[in-house]
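First comes the structure, then the notes that go with it.
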Amino acid sequence: MLRVALVLLLVAGCAAPGRSAPVRLAYTVTGEGPVVVLLHGHPQTAASWRAVAPALAERHRVVVVDQRGQGDSPAPDGDYDVSSRADDVAALLRELGVTRASVVGTDLGGQVAFALTRDNPGLVERLAVLEAVIPGTAAAAGPLSAPHIARHADVDRMVERTRGREAQHVRDFVCAARNPCPYPPDLIAESAAALRRPGHLRGAFAPYEELTAPSDDPGRVTVPVLAVGGSRGIGGLPAASLREVADDVTEVVLPGATHWLAEEEPAALVAALGPFLAGSR
């Protein structure tokens, strides 16, 4: 795959009030057909989709993104709120000439995918949210009260605590649900290397600050939604959360799967995504 960096020309006033201006994002594009955008979560990079993207690219033009402050994308000093991160992706799609796309987001990337859909009517035609809940919904209360949410939201402390221990942080986080850990070791190394780049520890933890603040009305989306959970992850909670903010929600729970669907259960995930993205589910 060819990795390219998109440089956005920014002008004063281009950001919406209360949001950071869009930043240039690193991304890959493979395949031909209807556009599908893949958005990773914490503590991942675009590489987390490596077992999923090629299968989707057999029928789609797949855009895999490193979000701001993660992977090969820069770590700006600005905000890391979900709307600003969604604006980054919207700006990327405009520069690519994309006017319609399906979006798949996992973990924190699922919340970005929802915000992108909500804030850009007509841009997103199908939304898939994996192992994520939408802040401001009743179903999100349990997952967002998990101890690691508040711990990660103490950004300065987490940056200091994790610096020099990046690989240990990633390993502890992705291996918590299973022993032995099935998460690919080279992806752990990839994520740890990304965290060592200047500003990237802050970029990894800053999105959690918003999750501990009082939630605004999350808004609604009108497109078809696929909500996927792992039976050993958060199960049916993605669907429960999304049913509060969307009318057309299809629920899938992958048996035996933990939080890390793309890395540990790629074949099952592709089997769920394929019919949905094709419009047959």
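The values are calculated or read from the model by the stated rules, or taken from the named source; none is laboratory data. Bear in mind the structure is a predicted one, so any value in this text is a computation, not a measurement. Because the Cβ atoms are built from the backbone with ideal geometry, glycine has one as well, and the counts that use them run over all protein chains shown.
What the table below lists for this structure:
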| quantity | calculated |
| --- | --- |
| Close pairs (6 angstrom Cβ cut-off, 6 or more residues apart or separate chains): more than 21 Å from SER215 (Cβ to Cβ) in the stretch 73-90, at pLDDT below 95 anywhere | PRO74/VAL23; PRO76/VAL23; GLY78/SER20; ASP88/PRO22; ASP88/VAL23 |
| Residue in the stretch 118-129 that is part of a helix (DSSP H, G or I) and either touching a strand residue (DSSP E or B) at 6+ places or on another chain (Cβ under 9 Å) or surrounded by fewer than 22 Cβ atoms within 10 Å (Cβ to Cβ) (or both) present | yes |
| Any hit, the stretch 37-57, residues being under 13 Å from the mean Cα position of the chain (by Cα) and β-branched (Val, Ile, Thr) | yes |
| Residue check for GLY136: more than 19 Å from the chain's Cα centre (by Cα) and not in a helix (DSSP H, G or I) | no |
| Selected residue [modelled with pLDDT of 95 or more and farther than 20 Å from SER83 by Cβ] from ALA128, ALA138, ALA115 | ALA138 |
| Only one of ALA189, ALA150, ALA176, ALA194 that is under 20 Å from the mean Cα position of the chain (by Cα), surrounded by fewer than 14 Cβ atoms within 10 Å (Cβ to Cβ), of a type in the set (A, V, I, L, M) and at pLDDT 95 or above | ALA150 |
| The stretch 240-259 residues that are more than 15 Å from GLN111 (Cα to Cα), paired with ones that are assigned to a helix (DSSP H, G or I) and of a type in the set (Gly, Ala, Ser) (beta carbon under 6 Å, 6 or more apart) | VAL249/ALA239; GLU251/ALA239; VAL252/ALA272; LEU254/ALA268 |
| Residue that is without any contact (Cβ under 8 Å) to a residue 60 or more places away in the chain and among the hydroxyl-bearing types (Ser, Thr, Tyr), where the choices are THR99, THR137, THR106 | THR99 |
| Residues (aliphatic (A, V, I, L, M) and surrounded by 15 or more Cβ atoms within 10 Å (Cβ to Cβ)) located in the stretch 130-147 | LEU130, ALA132, VAL133, ILE134, ALA139, ALA140, LEU144 |
| Some residue of the stretch 57-80 being at pLDDT 95 or above, buried (at least 24 other Cβ atoms within 10 Å of the Cβ), among the aliphatic types (A, V, I, L, M) and in a helix (DSSP H, G or I) | no |
| Of all residues making up the stretch 212-228, the number that are at pLDDT 95 or above and farther than 18 Å from ARG126 by Cβ | 1 |
| Residues satisfying the stated conditions in the stretch 207-230, i.e. surrounded by fewer than 23 Cβ atoms within 10 Å (Cβ to Cβ) and farther than 22 Å from THR117 by Cβ | GLU209, THR212, PRO214 |
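Every residue, every condition in (1) at positive phi; (2) at pLDDT 50 or above; (3) assigned to a loop (DSSP other than H, G, I, E, B), yes or no:
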| site | (1), (2), (3) |
| --- | --- |
| LEU9 | no, no, yes |
| ALA12 | no, no, yes |
| ARG19 | no, yes, yes |
| PRO22 | no, yes, yes |
| LEU38 | no, yes, no |
| HIS42 | no, yes, yes |
| SER48 | no, yes, no |
| PRO54 | no, yes, no |
